[in-house]
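Participant: Sharing a structure, written as structure tokens. Questions coming.
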Amino acid sequence: MDTYDVIVVGVGGMGSAAVYHLAWRGIRVLGIEQYDIPHDRGSSHGLSRSFKFARWHHLEQAVDDPAGMDRDCHPADEAILRTFVRRYFPAGDGPTLSMHTCLFTNTPDTHFVIDAHPECPAVFIAGGFSGHGFKFCSVVGEILADLAECGSTRHDISLFRAARFAKGSLA
Ligand SMILES: Cc1cc2nc3c(=O)[nH]c(=O)nc-3n(C[C@H](O)[C@H](O)[C@H](O)COP(=O)(O)OP(=O)(O)OC[C@H]3O[C@@H](n4cnc5c(N)ncnc54)[C@H](O)[C@@H]3O)c2cc1C
């Protein structure tokens, strides 16, 4: 039976970076992914990552049930983006080729969560990237590799502690 030192669950942007850093250090690491790799269902995969115009929370809408939300694109969605295109990229104000919806998880303060599981200190969690995590995949992967290997990291991750969301901690 194969054995591993570290198991990474979810081989998306952050998970693949963590697997890379761990493997580079010679650690026996297994990445577990629910879909075939590559796939188009993750935050940093598929058409949503092509050159695009998008606006965060563009209709100020709340999503109570991600499984049941309206994933169709409507003229009102395009109109908001058109305003932006005409102002900042007038040469690109041609026909729309395709429109897609996407979701990402937001924390209450929009900062990440990178921390040990409160009940399982050997399990580390990285999530809640709030729509701005992709540019940090490489360093988050390095941090996760540090935590998995040593339980600590040279990077200051105090901002990302999960305990900040404990009852009474948020203003
Ligand atoms: C439309 C959109 C636009 C964005 N734009 C930007 C931007 O401009 N700049 C920026 O910095 N960031 C942006 N982001 C955010 C960035 O893409 C994410 O923060 C980042 O990709 C998160 O990486 P991740 O590894 O946490 O998630 P993902 O890349 O989604 O990977 C998670 C992986 O875990 C797998 N998984 C989930 N559950 C399980 C399970 N139970 N078992 C096995 N595998 C599982 C999934 O299939 C997936 O492959 C955007 C996100 C979206 C959706």
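The values are calculated or read from the model by the stated rules, or taken from the named source; none is laboratory data. In this text the structure is predicted, and so the values were computed from the model without any measurement. Neighbour counts are summed over all protein chains in view; Cβ atoms, including those assigned to glycine, are modelled from backbone coordinates with ideal geometry.
Participant: Just one of the numbered conditions (1) within 8 Å of the ligand (Cβ to nearest atom); (2) at pLDDT below 90; (3) surrounded by 13 or more Cβ atoms within 10 Å (Cβ to Cβ); (4) not in a helix (DSSP H, G or I) is not true of S48; which one?
Facilitator: Unmet for S48, out of (1) within 8 Å of the ligand (Cβ to nearest atom); (2) at pLDDT below 90; (3) surrounded by 13 or more Cβ atoms within 10 Å (Cβ to Cβ); (4) not in a helix (DSSP H, G or I): (4).
Participant: Of all residues being of a type outside the set (S, T, Y) and in a loop (DSSP other than H, G, I, E, B) in segment 121-143, which is farthest from the ligand (Cβ to nearest atom)? Just the residue, please.
Facilitator: Taking segment 121-143 and keeping what is of a type outside the set (S, T, Y), we get 121-129, 131-137, 139-143.
If we keep only those that are in a loop (DSSP other than H, G, I, E, B) as well, we get 121-123, 128-129, 131-133.
Values: P121: 21, A122: 18, V123: 13, G128: 9, F129: 3, G131: 5, H132: 5, G133: 2 Å.
Only one residue fits best here, namely P121.
Participant: Find the residue count for segment 79-112, including only residues that are closer than 21 Å to H45 by Cα and among the aliphatic types (A, V, I, L, M).
Facilitator: Counting residues in segment 79-112 that are closer than 21 Å to H45 by Cα and among the aliphatic types (A, V, I, L, M) gives 3.
Participant: Hey, among the residues in segment 60-98 that are in contact with a helix residue (DSSP H, G or I) (Cβ under 7 Å, 6 or more places away or on another chain) and farther than 30 Å from Y35 by Cα, which one's farthest from the ligand (Cβ to nearest atom)?
Facilitator: D93
Participant: Quick one: what pairs do we get from segment 131-142, first residue closer than 16 Å to A54 by Cα, second buried (at least 19 other Cβ atoms within 10 Å of the Cβ) and of a type in the set (G, A, S), C-beta under 7 Å, 6+ apart or different chains?
Facilitator: Note: pairs meeting the criteria are G133/G13; F134/G13.
Participant: Follow-up question, since we're still on this one. Are any residues in segment 84-120 modelled with pLDDT of 90 or more and assigned to a loop (DSSP other than H, G, I, E, B), and if so, which ones?
Facilitator: If the condition is that a residue be modelled with pLDDT of 90 or more and assigned to a loop (DSSP other than H, G, I, E, B), then T107, P108, D109, T110, H111, F112, H117, P118, E119, C120 are the ones that fit.
Participant: Residues in segment 19-37 that are in a loop (DSSP other than H, G, I, E, B), more than 9 Å from the ligand (Cβ to nearest atom) and either within 16 Å of the chain's Cα centre (by Cα) or over 16 Å from D146 (Cα atoms) (or both): how many?
Facilitator: Within segment 19-37, the first condition is being in a loop (DSSP other than H, G, I, E, B), and the residues that meet it are 25-28, 33-37.
With more than 9 Å from the ligand (Cβ to nearest atom) added as a condition, the list becomes 25-28, 36.
Next, from what is left, pick out any that are either within 16 Å of the chain's Cα centre (by Cα) or over 16 Å from D146 (Cα atoms) (or both): 36.
Total satisfying the criteria: 1.
Participant: When you look at T101, is it over 14 Å from L159 (Cα atoms) and touching a Lys or Arg at 6+ places or on another chain (Cβ under 6 Å), yes or no? Can you show your working first?
Facilitator: Working: over 14 Å from L159 (Cα atoms): yes; touching a Lys or Arg at 6+ places or on another chain (Cβ under 6 Å): yes.
In short, yes.
Participant: Further, regarding this structure: In segment 121-139, what residues are modelled with pLDDT under 90 and either touching a Gly at 6+ places or on another chain (Cβ under 6 Å) or among the basic types (K, R) (or both)?
Facilitator: In the first step, residues of segment 121-139 are kept if they are modelled with pLDDT under 90; the result is 131.
Once the filter is applied, which keeps residues that are modelled with pLDDT under 90 and either touching a Gly at 6+ places or on another chain (Cβ under 6 Å) or among the basic types (K, R) (or both), segment 121-139 yields nothing.
Participant: Further, regarding this structure: Among D156, D93, D64, which is loosely packed, with under 13 Cβ neighbours inside 10 Å, free of Cβ contacts under 8 Å to residues at least 12 places away in the same chain and under 30 Å from R25 (Cβ atoms)? Before the answer, list the steps.
Facilitator: Details: D93 fails: under 30 Å from R25 (Cβ atoms); D64 fails: under 30 Å from R25 (Cβ atoms).
Sole residue among the options that is loosely packed, with under 13 Cβ neighbours inside 10 Å, free of Cβ contacts under 8 Å to residues at least 12 places away in the same chain and under 30 Å from R25 (Cβ atoms): D156.
Participant: Return the residues of segment 99-120 that are more than 9 Å from the ligand (Cβ to nearest atom) and in contact (Cβ under 8 Å) with a residue 24 or more places away in the chain; say none if nothing qualifies. Please lay out each step first, then the result.
Facilitator: First, pick out the residues of segment 99-120 that are more than 9 Å from the ligand (Cβ to nearest atom): 99, 106-111, 113-120.
Correct list: M99, N106, T107, P108, D109, H111, V113, I114, D115, A116, P118.
Participant: Could you list, ordered by first residue, the pairs with Cβ atoms under 6 Å in which the first is in segment 9-20 and in contact (Cβ under 8 Å) with a residue 40 or more places away in the chain and the second is in a helix (DSSP H, G or I) and within 6 Å of the ligand (Cβ to nearest atom), at least 6 apart or interchain?
Facilitator: Filtered contacts from segment 9-20: G13/F134.
Participant: Say whether the condition of being exposed (fewer than 15 other Cβ atoms within 10 Å of the Cβ), more than 10 Å from the ligand (Cβ to nearest atom) and more than 23 Å from D146 (Cβ to Cβ) is met by at least one residue in segment 1-18.
Facilitator: Looking only at segment 1-18, we keep the residues that are exposed (fewer than 15 other Cβ atoms within 10 Å of the Cβ), and these are 1-5, 7, 9.
Right, trim to more than 10 Å from the ligand (Cβ to nearest atom) and you get 1-5, 7.
With more than 23 Å from D146 (Cβ to Cβ) added as a condition, the list becomes 1-2.
Checking segment 1-18: at least one residue is exposed (fewer than 15 other Cβ atoms within 10 Å of the Cβ), more than 10 Å from the ligand (Cβ to nearest atom) and more than 23 Å from D146 (Cβ to Cβ).
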